[in-house]
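Some notes on the structure that comes next.
The values are calculated or read from the model by the stated rules, or taken from the named source; none is laboratory data. Source: prediction; values computed, not measured. Quick reminder, even Gly has a Cβ in these numbers, built from the backbone with ideal geometry, and neighbours come from all protein chains shown. What goes into the accessible areas is simple: the full protein's heavy atoms, side chains included, and nothing from ligands, DNA or RNA. Shrake-Rupley method; radii C 1.70, N 1.55, O 1.52, S 1.80 Å.
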Amino acid sequence: MQGGGASTTRTWTKGAMRARVPCNGSLRARAGTRSAAGIGVGLARAARRDDQRFARRVGGHVVVVCRSQAKGVRVLSVEAPEAEVEEREPSSVGSGAGDPYEDEPWSKMKWTVYRGKAYDLTAFMNRHPGGQWLLNLAVKRDCTALFESYHMRPEVAAKRLGMLPEIEDFPVSAVPTSPYPNDSDFYNAVRDRVRKEVFKGQEIKGAHRSGSEWAAMIILGYAFSSFALYVAAPGVLTGILCGLGGAWLGLTVQHCGNHGAMSTKEWVNQFLGLMDDVSGGSSLMWRYHHQVSHHIHCNDEEVDEDVFSPYPLLRFDHRLPRKWFHRFQHIYMWAMYPFLQLVFQYGDIRGLIEGKTDGCHIYGASTNEKISVVVGKAVHYTLIYGLPLLFHGWKTALIAGMSYVAAQSIVLATTFAVSHNVPETKGGTPETFAGRKLRETRDERDWGVQQLVTSANWGGVFGCFMTGGLNLQIEHHLFPAVSFMHYPAISKIVRQEAEARGLEYASYPTLTEILPRYLKFMRDVGRAEHVPVEEGGVTEEMIERRRAEGALGFF
């Protein structure tokens, strides 16, 4: 961004539309983002669908926030009067311009972008070793971070990727750019040591995707037993026991399975991933929300939907607008947590209908995957509500069902929330070490360091068994495709490499010690002063825009 300056006009093309926006100062889309182009894309989309909500904000000279390329300048304020939209001829194939999401032939292709090059995945969909369902996550987006963080030997996988048909004259600049994990010296050093010291070179045979089978058998045994007991004798106690079983599935085998990390066999990972549907979630929506949005952009308030999706009920970042009731959020959140599972239910159904989560679009989702959402809900509702209602009456079904929901929700909420919401993992005021790293522009930010400093660990081997490795959140974010019982060994290497580089490594001995830090953070961030847009804050309109379009489409 250039400070001040005369009013200029910038033009962006979008399909058969062109949006011209007068603005003050000059716009620069920073490498690693599509901020400036995103404004034009959004305006053209709004004009095409006559989006009155968007038009009112633009016509009202609302400040639009973009990231700046210049170091030390975080935001760009653009006063955007009503956009002029002009018809033009669709871009010709091979021109390198246009909209890959709506213009042919790209809109009908299964394309992906890896390190600035576009590839056609069509012929490889049924041959991907991890299964088509995981490769679908890469369709119509920059897959670099997914690709490099999911392969223990990315140099080997990159050779296979390079054999795919490259799409010439593809408008790569119109695709939001992913982080590049392999550019992180810290991440490369840790991964090299993990391959040598933990897997002894056997990761080439899939050693990193095995080793937790015994844990899976115990977890499945308890969960299925608790479900059977619940159906046979629904009540408060069996509802709680079954809720704990559902939560255990959600924390462990479904989570690890949906990362493709429970087995070298595709069908095993898929089966275990579907345990999310049985326990009340959706494996499809989870993969996009969790792996594409959260994992790649951890605690980035613009694109990690775990940060902004609970707003306005909860304020998880000091840059989000402050409401008067946020000062009490550390108290009232405990009354909300028992209903978390119902929020997931609503989000899954809405996401299926809209074709996106708050953070990203489900571009690659197959018909069978979408059907799995409906079938999964039917199975879950039948087990938890239908059978108790049929054989025991509505009162028993209601009491037992709510006991299940409350027990599962409380366990999931507390376990997930503490990992990324303690003072060490957030921006904070005064600014923390993690905050300084998050303030860096995305093109200069180190992906491996970001995963390190935005996560916090607690406990050890037993906690790993009980939570599917989510207590060792740092290691999970660095190695999402590694089976969870390997994380205790990996954590020693990560800590050593972090300390050798002067990087902070947040770890607590037990859950009871990290919980008070979580409560303190929620209290402090709820009371933190409002941050102006010019200093990196966001408005409610910006949050709504991210939800409406999928945040990754703008950055």
In whole Hz, with x marking every Gly and Pro, tabulate ³J(HN,Hα) for the stretch 535-543 from phi via Karplus 6.51 cos²θ - 1.76 cosθ + 1.60, θ = phi - 60°. 10, x, x, 10, 10, 5, 5, 5, 5
Compute, for the stretch 399-555, the length of the dipole vector about the Cα centre, with Cβ point charges of +1 (Lys, Arg) and -1 (Asp, Glu) only. Units Debye, rounded to 20. 420 debye
Highest average packing first - 334-342, 151-159, Cβ atoms within 10 Å: 334-342, 151-159
Sequence order, the stretch 281-296: Karplus ³J(HN,Hα) from phi using 6.51 cos²θ - 1.76 cosθ + 1.60, θ = phi - 60°, Hz rounded, Gly and Pro as x, gives x, 9, 5, 5, 5, 4, 4, 6, 4, 7, 8, 7, 8, 6, 4, 6
For the stretch 350-429 and the stretch 473-520, compute the distance between their C-alpha centroids and round to whole Å. 26 Å
How would the stretch 202-307 be classified by its alpha-carbon gyration tensor: rounded, prolate or oblate, with rounded meaning a/c under 1.5 and the a/b versus b/c comparison settling the rest? oblate
Mind jotting down a quarter of the surface of the convex hull over the alpha carbons of the stretch 246-290, in square nanometres, one decimal? 2.6 nm²
Please work out, to two decimal places, the log10 of the ratio I(q)/I(0) at q = 0.23 Å⁻¹ from a Debye calculation in which every Cα of the stretch 322-403 carries one identical scatterer. -1.06
Before anything else, pin down the relative contact order of the stretch 374-437: Cα pairs under 8 Å, at least 6 apart, normalised by residue count, whole percent. 15 percent
Please report, as a whole percent, how much of the solvent-accessible surface of the stretch 346-501 comes from carbon and sulfur atoms (probe radius 1.4 Å). 65 percent
Gained length - GLU540 relative to VAL374, 0.36 nm times residue gap less alpha-carbon distance: 56.6 nm
Name the residues whose placed amide hydrogens come within less than 5 Å of the amide hydrogen of LYS356, ignoring near sequence neighbours (fewer than 5 apart) on the same chain. ILE362
Mean separation of Cα pairs under 8 Å and 6+ residues apart, divided by the residue count of the stretch 336-416: what relative contact order is that in percent? 51 percent
Provide the FRET efficiency to the nearest 0.05 for the ALA123-ASN188 pair, computing r from the beta carbons and using R0 = 25 Å. 0.25
Could you compute how fast the stretch 425-503 diffuses translationally, taking Rh as the Kirkwood radius over C-alpha pairs and applying Stokes-Einstein at 20 °C with viscosity 1.002 mPa s? Give it in µm² per second. 162 µm²/s
Principal semi-axes in Å for the stretch 371-529 [√(5λ), Cα gyration tensor, largest first]: 37, 19, 16
Could you list which residues have their amide H under 5 Å from that of ALA118, counting only those 5 or more apart in sequence or on another chain, with H placed in the peptide plane? ILE167
Hey, can you rank 505-514, 324-333 by average C-beta count inside 10 Å, highest first? 505-514, 324-333
Does the stretch 471-555 come out rounded, prolate or oblate, given a ≥ b ≥ c as the square roots of the eigenvalues of its C-alpha gyration tensor, rounded meaning a/c under 1.5 and, failing that, prolate meaning a/b above b/c? prolate
Please compare each pair in LYS159/LYS200; LYS110/LYS265; LYS356/LYS492; LYS110/LYS377; LYS395/LYS520; LYS110/LYS200 to a cut-off of 30 Å on the Cα-Cα distance and tell me which ones are over it. LYS356/LYS492; LYS395/LYS520; LYS110/LYS200
For the stretch 364-435, shape from the Cα gyration tensor axes a ≥ b ≥ c, cut at a/c of 1.5 then a/b versus b/c, turns out oblate
Counting pairs of alpha carbon atoms under 8 Å apart in space and at least six apart in sequence, what relative contact order in percent does the stretch 244-326 give? 17 percent
